[in-house]
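Structure first, commentary second.
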Amino acid sequence: MAASGKISCGCGEVVLHLPNPRPKFRCGCCCSDCLQRAFIGARGKPRSEIAERLEPIDLIYVDSVMFIPNDQTLDRLEVFRINDSEGDNISLRASCCGAVLCTENQQFHTPHSMATFTNLDPEVNCEFEALPQTSCHLFTCDWSEKGANALAQKEVELFEEARPQIFHPAKELQNPLVQALVTAFQLPAAHNSEQFTTFKQLREHMRVDVVDDYFDVSHEVFRLAQQ
Ligand SMILES: [Zn+2]
Ligand SMILES: [Zn+2]
């Protein structure tokens, strides 16, 4: 049993330790923004299953609380939004290798939760206690219909049942799976101590960059599917 959770960058210079090793929720995300963050974190080269939208980003939601990083680590942390200086998501990345470590949606995740990525190694590595089952896949609106059907078909072959797909969660707030997700975000952090900082406190004195790298490649399939 892990005593704390861990999020490490690919080169190993940045390791975040989270006092609560238990994720609150897990789901796949097919959204173009998660894909863009994966491209950014992998400097344009995420593994092909991710890049080609064959595999959703495997998100776990964890307490947005970590042990206060040491100065060397703090020097290697940057925060950014993608594409829009008013965008909902604020993400943390390691300047050493570019790994995107976690992201916090200011509408839905705050103040207790943030998301990290369990299938984007080697760029980012997560160590948490027994991961929950993947509940569903969010934002299949950003995949082609063919891609979403292929994912369901693959899951039927692997698990005998396809995981539910939620086309656009913000438009399906009454869906019990979306409600379970939102309830999980609202679970207060399990621990509190002067040794800890929230993600929000951590970035208080940090500049929030706007990064629009890899926008086209991460959004183009969606655009093509709409034509
Ligand atoms: Zn997403
Ligand atoms: Zn690194």
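The values are calculated or read from the model by the stated rules, or taken from the named source; none is laboratory data. The structure displayed is predicted, hence computed values, not measured ones. For neighbour counting, all protein chains shown are included, and Cβ atoms are generated from backbone atoms with ideal geometry for every residue, glycine included. Accessible surface areas use protein heavy atoms only, side chains included; no ligands, DNA or RNA. Shrake-Rupley method; radii C 1.70, N 1.55, O 1.52, S 1.80 Å.
Things to note:
- Residues satisfying the stated conditions in segment 68-110, i.e. open to solvent by less than 10 Å² (accessible area, probe 1.4 Å), over 12 Å from the mean Cα position of the chain (by Cα) and away from ligand 2 (no atom under 11 Å from the Cβ): Val79, Phe80
- Filtered residue count, segment 1-17, keeping only those that are assigned to a loop (DSSP other than H, G, I, E, B) and closer than 20 Å to Leu181 by Cβ: 0
- Residue under evaluation Glu129, criteria (1) in a strand (DSSP E or B); (2) closer than 30 Å to Arg163 by Cβ, criterion not met: (1)
- Any hit, segment 66-87, residues being under 24 Å from Thr183 (Cα atoms), in contact (Cβ under 8 Å) with a residue 60 or more places away in the chain, away from ligand 1 (no atom under 16 Å from the Cβ) and of a type outside the set (Gly, Ala, Ser): yes
- Extreme residue, modelled with the highest pLDDT, among residues of segment 162-179 that are aliphatic (A, V, I, L, M) and loosely packed, with under 15 Cβ neighbours inside 10 Å: Leu173
- Sole residue being in contact (Cβ under 8 Å) with a residue 60 or more places away in the chain, among the polar types (S, T, N, Q) and within 13 Å of ligand 1 (Cβ to nearest atom), chosen from Thr116, Thr110, Thr134: Thr116
- Qualifying positions in segment 107-126 - assigned to a strand (DSSP E or B) and polar (S, T, N, Q): Ser113, Thr116, Asn125
- Residue selection: Phe139 satisfies the criterion of being within 12 Å of ligand 1 (Cβ to nearest atom) and open to solvent by 40 Å² or more (accessible area, probe 1.4 Å).
- Across segment 1-49, the qualifying residues are those that are of a type in the set (Gly, Ala, Ser), farther than 12 Å from Asp63 by Cα and out of contact with any Asp or Glu (no Cβ under 7 Å at 6 or more places or on another chain), and the one among them that is farthest from ligand 1 (Cβ to nearest atom) is Ala3.
- Residue within segment 2-18 that is more than 16 Å from ligand 2 (Cβ to nearest atom), free of Cβ contacts under 8 Å to residues at least 24 places away in the same chain, among the aliphatic types (A, V, I, L, M) and under 24 Å from Pro111 (Cα atoms) present: yes
- For Glu155: the one exception among (1) assigned to a helix (DSSP H, G or I); (2) open to solvent by 80 Å² or more (accessible area, probe 1.4 Å); (3) among the charged types (D, E, K, R): (2)
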